[in-house]
Each structure stands twice: as C-alpha cells, then as structure tokens.
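A quick write-up on the structure given underneath.
Nothing in this text is a laboratory measurement; each read-out follows from the coordinates by a stated rule. This structure is a prediction, so every number in the text was calculated from the model and none was measured. When we count neighbours, we look across all protein chains shown, and the Cβ atoms used for this are built from the backbone with ideal geometry, even at glycine.
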Ligand code: ADP
Ligand code: UDP
C-alpha cells in the first residue's frame, strides 16, 4: 500500500478503491506539539475501535462522516477528503488551554458551550484564530463556516449523550472537517486522544491528559472507555 501521509498518531494509505483511503492507527502518543513523544503498545487498536464505534453512531444519526468501515484491528476505510486545516474545538467544561489562557478554574460548566478554531500548523504551534482569520486565510467560506458551526453543535449534542450514557462527562473535543465536492464531511478520529472525558462519579480523566500530565496509564483508561462502549 502506498503511504499518502503520516501524522503523529495515524498513517494514511491510498486504497485500491478510487476516492477512498485507509486510515491506520499507530501506537504513538505525542503532547505539547511533539515535545513529548512515546509509544504505548495497543493504543492504536483501542483508538481504532473507539473511533469506529463513535463514527458509526454519528453516521446512524445523519451526520456525514468519512468513515466507511473498520477493516481490521488498526485500519479503517474512509472517504478521501480535502481536509480543511482547522482544529475545531468545542468546550462544555473548563479545562486545558481554556483555563491557562484565561485564568479560569478547571471543571466549571460552560453554557452555552464555546466553539474555538485553531489553525492546524505544527510550525506555528496551532494558533487560536477566529472566523475573520479563517475568511482572510480563505480556509473556508462564510457558508462553510456556518455549516461547520451548526454541525459541531449537533455533534456535541450527540456525543454528550453518547458519553453521558457511559457515565462520562464530555469536557471538550477537537474535530477536523474535509470537503468532498460541495459536501462538508467530518474526518479524522474521535477518541480519548482528542477528547477530554471525565468519569461522572470520580471525576477521573479517561483521556490523553493522563499522558500529558503523567497522572496515570492511558492504556487502562482507553480500555475502560472501550469497555463501557461495548457494554451498552
Ligand atoms: P496529525 O499529526 O496532524 O495529528 P494524524 O496522526 O492524526 O495527524 O494523521 C492523520 C492525518 O490524516 C491528518 O493530517 C488528518 O488531517 C488527515 N486525514 C484524516 N482524515 C482524512 C480523510 N478522510 N482524507 C484525507 N486526509 C485525512
Ligand atoms: N486537542 C487535540 N489536538 C490538538 C489540540 C487539542 O485533539 O492539537 C483536543 C484536546 O485533546 C482537548 C481539546 O482539543 O480535548 C481542547 O484542547 P486544549 O485547547 O485545552 O489544548 P491542550 O491543553 O490539550 O493542548
């Protein structure tokens, strides 16, 4: 298989079917723009399973996503998209850069949830940008931005319910979108690598913060998330 691109957590291969790609989940974990880098045996398998379940749920709820099917432990068949280089972040509870940048207490409810945009650029360290910047940089049109916003609000509602049913609070998450002709389609992954997930009772993190902050074992936490998904 021909490698199309390799990112920090995944590889993308050209598929035999035109218009489709293979998304391969690696075991690598990075934080702080790759200043911290490690590998956890089996993480890719866990994220592939978790992402496959979540994208199936979104597809079943009329959200257009790139996900076609899970092929094996580490690979998914996805639609090839022109990725918009934006990290679309939605926040339901205060955490992470929101607390440090704005001097806010962690764990406060944000109502209504706050949508943020970051430019996807390792060289520039993913700067926070607003809609005017996006229009200036011609990353998306006004209509596309409205579409991104509406879809992200809807996805947040669906994901919050999904995790709520697993006794997990969806604190925040990052999405990526891509274009296929005139359609705006959800891409990439949704896993504990790009969501903050807190157990509702213990408030324990079940996500990559355990790795960022050296506060626990991500494999144990990701396994727990998968176990709850599979037991529904
Ligand atoms: P990163 O280092 O950017 O976080 P990843 O390790 O997640 O990257 O690698 C996945 C790469 O594939 C990212 O650049 C992502 O934008 C891209 N990608 C995800 N889904 C698709 C798709 N459907 N079509 C094309 N590219 C995709
Ligand atoms: N996030 C991500 N990729 C990034 C930056 C953030 O997936 O490059 C996710 C992160 O896991 C969290 C949300 O986006 O769920 C908000 O992250 P934040 O801005 O707080 O950044 P952090 O402090 O995690 O770098």
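Go ahead and collect, in residue order, the members of region 45-89 whose backbone nitrogen is under 17 Å from a label point 7 Å along the Cα-Cβ direction of residue 149. Label zone hits: 87-89.
Can you list the residues of region 14-57 with backbone N under 15 Å from a point 7 Å past the Cα of residue 217, pointing along Cα to Cβ? Residues 40-43 fall inside that zone. Counted over region 104-232 with a bin width of 5 Å, the fraction of Cα pairs per bin, in whole percents, is 2, 9, 16, 21, 18, 16, 10, 6, 2, 0. How would region 1-57 be classified by its alpha-carbon gyration tensor: rounded, prolate or oblate, with rounded meaning a/c under 1.5 and the a/b versus b/c comparison settling the rest? Oblate is the answer for region 1-57, as a/c is 1.5 or above yet b/c matches or exceeds a/b.
Inverting the pair-averaged 1/r between distinct Cα atoms of the chain gives 18.1 Å as its Kirkwood hydrodynamic radius. Extending 7 Å from the Cα toward the beta-carbon at both residue 69 and residue 102 defines two label points whose distance is 4.4 nm.
Between residue 157 and residue 120, what is the label-to-label distance in nm when each label sits 7 Å out along the Cα-to-Cβ direction? About 2.6 nm, to one decimal.
Taking a quarter of the surface of the Cα convex hull of region 1-108 gives a mean projected area of 8.8 nm². Going by a ≥ b ≥ c, the root eigenvalues of the Cα gyration tensor, does region 171-232 fall in the rounded group (a/c under 1.5), the prolate group (a/b larger than b/c) or the oblate group? Cα axes put region 171-232 in the prolate bin.
In a fully extended conformation the segment linking residue 16 and residue 137 would gain 40.2 nm over its present Cα-Cα distance, using 0.36 nm per residue. Over region 100-159, the fraction of Cα-Cα pairs per 5 Å bin, rounded to whole percents and listed from the shortest bin up, is 4, 14, 20, 22, 20, 16, 5.
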